[in-house]
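A.B. asks: Can you read through this structure? Questions will come right after.
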Amino acid sequence: MKLSISAQQRAKAFIQSHARPLEQSLYSFHFEHTSRENVLHALASFQNSDGGFGHGKEPDLPLPASSAISTTRALQTLAEVGAAVDHPLVSGGLHFLLDTYDPKTQVWEIVPPSVNDWPHAPWWHYDADGQPGKWGGYLVNPRAEVIGCLYSFADGVPKPFLQAITEAMLAHLEGQPTPKDMHEIACYLSLLETPALPSEVRKQLLAKLEPAVMATVQRNPAKWDQYCFKPAGYMGAVRSPASPFAAMFAKEIDLCLDNEINRQHADGSWMPTWSWGQSFPEAWAKAKLAWQGILTVQTLKLLAAFGRLDV
């Protein structure tokens, strides 16, 4: 099954009419071969004077203040378009991460306490009495994903620091049972698929993650329309044919991509499979629309990578 030309046109029309400027520029960059400068210009609106990123770069977290999670998302976008390490967006983001690192715990706090002063998804609520425990001490989420960003722009990061934080992350991974939380596995996968990751680190990650991925991926197609760890796609084990797990889930990936094609909404977009429940309905409506833009671009990229776009 392939996404028809008319369905692709509906997706493009949705992006052009309803997506944020950032996703509009990313669509143009990937599918119309426009300059990365448009992406960089759009991304600049999310950066703060401390170098970090906020302002809803992560739509479920609209607070203006910088956070590790939003800065990580921004640096992933910068790596996606091949931004230079000395670009102010990159150097600022790296500065923020290096400045907010806690050497005592060897982690980054995922969001600041000020998240509670703004509308937000319920899972981002800052619990002053138990915030680190809520996120596993930040030892994986966001640490593994942050490390992936640091490797993407390793020339802007002190080598001794990068080596030390990598060793700390691997020691935690080796000293724990097989990961079972899909969000933590997803953080490890982002690190694993970082092109600049040293081969010996990738080998250690693979050895531990293979059984974790095998045990956690949802193989039942009836549940793929729910929020779960799918074989492929957003919150999926496989993000491209080059994924180390692509062969492991070959049959499921074909079915999963068929399902993604069938999940396209009538307006041309792909919808999030989660919501904020009863929390901040007006803010959720804005966040949902932003997610539709993000997911539409990401799904088109996924389908293109697997040759699932009709031409």
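Any read-out appearing in this document is the output of simple, stated calculations on the displayed coordinates, not a laboratory observation. This is a predicted model, so every value here is computed, not measured. Note: ideal-geometry Cβ built from the backbone for every residue, glycine included; neighbour counts use all protein chains shown.
A.B. asks: With a 10 Å cut-off between alpha carbons and a GNM built on the chain, which of 278, 218, 24 moves the most?
C.D. replies: 278
A.B. asks: Then there's this: Most mobile of 199, 70, 114 per a Gaussian network model of the chain (Cα springs, under 10 Å)?
C.D. replies: For the chain, modelled as a Gaussian network with Cα springs under 10 Å, the answer is 199.
A.B. asks: Select from the stretch 202-295 those GluC sites (Glu not before Pro) which occupy a DSSP coil region and have at most 13 other Cβ atoms within 10 Å, ordered by residue number.
C.D. replies: When the GluC sites (Glu not before Pro) of the stretch 202-295 are filtered for loop state and at most 13 Cβ neighbours within 10 Å, nothing remains.
A.B. asks: Applying the Karplus parametrisation 6.51 cos²θ - 1.76 cosθ + 1.60 with θ = phi - 60° to the phi angles of the stretch 137-146, what ³J(HN,Hα) value in whole Hz is obtained for each residue in order, glycine and proline being reported as x?
C.D. replies: Result, ordered by residue: x, 6, 5, 10, 10, x, 4, 4, 5, 4 Hz.
A.B. asks: If I histogram all Cα-Cα distances within the stretch 81-192 using bins 10 Å wide from 0, what percent of pairs lands in each bin?
C.D. replies: 12, 42, 35, 11, 0
A.B. asks: Same structure, new question: Please list, by residue number, every one of the GluC sites (Glu not before Pro) in the stretch 11-55 that is coil in DSSP and has at most 12 other beta-carbon atoms within 10 Å.
C.D. replies: Taking the stretch 11-55 and a limit of 12 other Cβ atoms within 10 Å, the loop GluC sites (Glu not before Pro) found are 32.
A.B. asks: Now for a separate question. Could you name the lysines whose alpha carbon sits less than 21 Å from that of residue 301, not counting residues in the same chain fewer than 8 places away?
C.D. replies: 2, 12, 57, 230, 251, 288
A.B. asks: Report P(r) for the stretch 98-163: all Cα-Cα distances, bin width 5 Å, range 0 to the bin holding the largest distance, values in whole percent.
C.D. replies: 3, 15, 24, 23, 16, 10, 7, 1
A.B. asks: Here's a follow-up. Work out the P(r) tail for the stretch 169-275: percent of alpha carbon pairs separated by more than 20 Å, whole number.
C.D. replies: Looking at the stretch 169-275, the distances longer than 20 Å represent 41 percent of pairs.
A.B. asks: Which of these, 55, 183, 87, has the largest mean-square fluctuation under a Gaussian network model of the chain (Cα springs below 10 Å)?
C.D. replies: Greatest mean-square fluctuation among the candidates belongs to 87.
A.B. asks: For the stretch 126-229, which semi-axes, largest first and in whole Å, follow from the square roots of 5 times the eigenvalues of its Cα gyration tensor?
C.D. replies: One finds semi-axes of 24, 18, 13 Å for the stretch 126-229.
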